[in-house]
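Read the figures in this text as sums done on the coordinates, not as results from a lab. This structure is a prediction, so every number in the text was calculated from the model and none was measured. Here the Cβ positions follow ideal geometry from the backbone for every residue, glycine too, while neighbour counts run over all protein chains shown.
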Amino acid sequence: MAHFTKATSVKDWLNQRLAIDKVEKVMASEYWIPKNINFLWAMGMVLVVTFVLLLVSGIFLLMYYVPTVDEAFYSVNYTIMREVDFGWLWRHIHGVAASVVFLVIYIHMFTGIYYGSYKKGREMIWISGMLLFVTFSAEAFSGYMLPWGQMSYWAGMVITNLFAGGSLHADGLVEWIRGDYVPAQAFLGRFFMLHVLLLPLAIVGLIGLHFAALRIPHVNNQDGEEIDFDAESKKYLDGDKAGSKVIRFANDFMSKDIMVVGIFLIFFFYLVFWNYSFALDPVNFDPADGLKTPAHIYPEWYFLWSYEILRPFNIDLGLILFGFAQVIFVFLPFLDRSPNTCPANRRGTMFKVWFWLMLSNMIILTAMGKLPPEGVFSTIGLVAAIVFVVQWLALPFITSREKKV
Amino acid sequence: MENNSRRGFMGKAFGAVAAVGAVGSLVAMKKTWDPLPSVKAAGFTTLDMTTYQEGVMVTEKWRGKPIFVLKKSAEVMENEKGNPEAEARNIKIGNDNFMVAIGLCTHLGCIPAFRPDENDFLCACHGGMFDASGLVKKVPPPRGFDIPPFKIDGTNLILGEVGPEWQSMKDNGVTL
Ligand code: FES
């Protein structure tokens, strides 16, 4: 270009410099969305909104939080909760959103698995999504450290000890990660940095990648139907809006997204105002004490299933299976050998059973992870952990035998 | 053509300069993340072993970690007879026998609780158990409590300094 004419309006002036018309088309008015998708497809937008809530509430908390081992606990539980006007609101929003965001992520994930949205050309959407999940987990964990209560301290102790690699006994590595022999000032400082800068930066980048990965293969739909987006969008632009299988992202599809987001926000603020305590562990209202372990140590609910996979085995095997559980979802597009992209219930008995068993098994693991590791609960946990691993190992075999539908 | 190879050479040369810089900054980043010298230096604790009572477990602190000190009763010593693993972990000061160990579960680092009636330790995190000498009674912990480096100095025990008794424990694989 580089040839500028005298602008006829502000919009024209910007257009010559930022190509806002083009950007608007690519991002919104000519970004095509299939018509046959249900409310589960709005979870992406719900996640964006929750992330913004986390960011904004986090910024307000950041102004009074003090990242030192002596003051962290009181800056959260006294200054922010009692002194700062509306400080409690930001903390409750932040705490509830941190918990709810995982619920929505899990729904988003299992929606993808159910409808086969990770298949055929959409692998990068899935992989970038799983990277986001991992980064969100690290973000949640580092944030959990910051109030420096008993659970923070001991969760930090236990999780960093995982890096000793069991019998490898890499204590040097653990001490390097902590910057001390036990979680202390160096540890708090670096996790504070990770939580407020490095990880959010990574998350924003990954969200960009996740969206970019979506732009070319386009979003999947309820029937896994292969839509010719060029032909269908042409139909739409030529005026056959009813006959076309696609609609514009903005403003047509957005209106549906916004409705779901609206309902979600009602539920969300109900939690923030009347039921915030579920996201705050009572043990974390004791200041950190390196010489006293709480009776039961368990992570937040969203980590329980993988924690339970670690628990019933000896340390080395437990660590290996734990690592397996962390990464195996990333490989889903390659472990699923079937040619079908359609809802799990239409893919034949085998995959249908696989899907519902995986979902219920993860709920069972979550429940067992919360219960004390004794008696029948240990046994159920052990069986569920084995079923989880076996299911993943069996996936390539059962899917390669699946008939084309 | 000649131009291209010149550009190619320039590119490679500056690439090499950048690579050296990148490696250098990685070293700096690694070292910045290391424990501070002041943290490493503050590593010694002296215990006066005459102050402990039989059968009462006391938790001391060394390098921020809890240290279990248990003066063993005659009964416990009797039970241990003929158990070389347990005997090898005894720290003898005068006529008394002590268990001194880092009070962190060797599984994932929780602090097990002492149960005086059973004379053992229970780790609430994943149900691990240790006996009065610090050996594993019930998994998941992979090994007994670690014994901190110590030096016997009369009736004092200096933690953080390596004495001959601890060195031989380490050489014999009694502790890590
Ligand atoms: S930390 Fe003690 S049993 Fe796991």
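Between segment B:118-145 and segment A:84-101, what's the alpha-carbon centroid distance in Å? First find each Cα centre; the distance between them is then 40 Å.
Backbone N atoms of segment B:125-151 closer than 16 Å to the 7 Å Cα→Cβ label point of A:Leu382 belong to residues B:126-129, B:138-141.
For A:Pro333, the shell of other residues with beta-carbons less than 11 Å away shows a net charge of +2, using +1 for Lys and Arg and -1 for Asp and Glu. Here the label points at A:Val66 and B:Met10, each 7 Å from Cα along the C-beta direction, are separated by 5.5 nm in the simple model.
Mind giving me the FRET efficiency for A:Leu198 and A:Leu357? R0 is 51 Å, r the Cβ-Cβ distance, nearest 0.05 is fine.
0.85
Kindly identify chain A as rounded, prolate or oblate by the Cα gyration tensor criterion: order the square roots of the eigenvalues as a ≥ b ≥ c, call it rounded if a/c is under 1.5, otherwise compare a/b with b/c, prolate if a/b is larger, else oblate. Because a/c hits 1.5 or more and a/b fails to exceed b/c, chain A counts as oblate.
Could you let me know the centre-to-centre spacing of segment B:6-35 and segment A:54-69, using Cα atoms, in angstrom? With segment B:6-35 and segment A:54-69 each reduced to a Cα centre, they are spaced 35 Å. Springs join every pair of Cα atoms under 10 Å in this Gaussian network model of chain B, and among B:Lys71, B:Lys61, B:Lys81 the largest mean-square fluctuation is at B:Lys81. Using only Cα atoms, find the angle between the long axis of helix B:2-33 and the longest principal axis of chain B, and express it within 0 to 90 degrees, rounded to the nearest 10. Between the helix axis and the principal axis of chain B, the angle is about 20 degrees.
Put a dot 7 Å past the Cα of A:Ser29, heading toward its Cβ, do the same for A:Leu317, and the two dots end up 6.3 nm apart. Counts of other chain beta carbons within 10 angstrom of each beta carbon in peptide B:102-113 average 6.
Legend: mean number of C-beta atoms from other chains within 10 angstrom of residue C-beta atoms, peptide A:164-177, equals 2. With each label modelled as a point 7 angstrom along the Cα→C-beta vector, the B:Asn95-A:Lys370 pair spans 5.7 nm. Annotation: for a label point projected 7 angstrom from Cα along Cα→Cβ of A:Leu89, no residues of segment A:184-213 have a backbone N closer than 17 Å. When chain A is treated as a Gaussian network with alpha carbon springs shorter than 10 Å, the biggest mean-square fluctuation among A:Asp12, A:Asp238, A:Asp252 belongs to A:Asp12. For segment B:15-107, the set of chymotrypsin sites (Phe, Trp or Tyr not before Pro) satisfying both a DSSP loop assignment and a count of at most 14 other C-beta atoms within 10 Å is given as B:Phe44. Per residue of peptide A:297-303, the mean number of Cβ atoms on other chains within 10 Å of the residue Cβ is 1.
Given their separation in residues at 0.36 nm each and the Cα-Cα distance between them, B:Ser73 and B:Lys138 gain 21.1 nm when the chain is fully extended.
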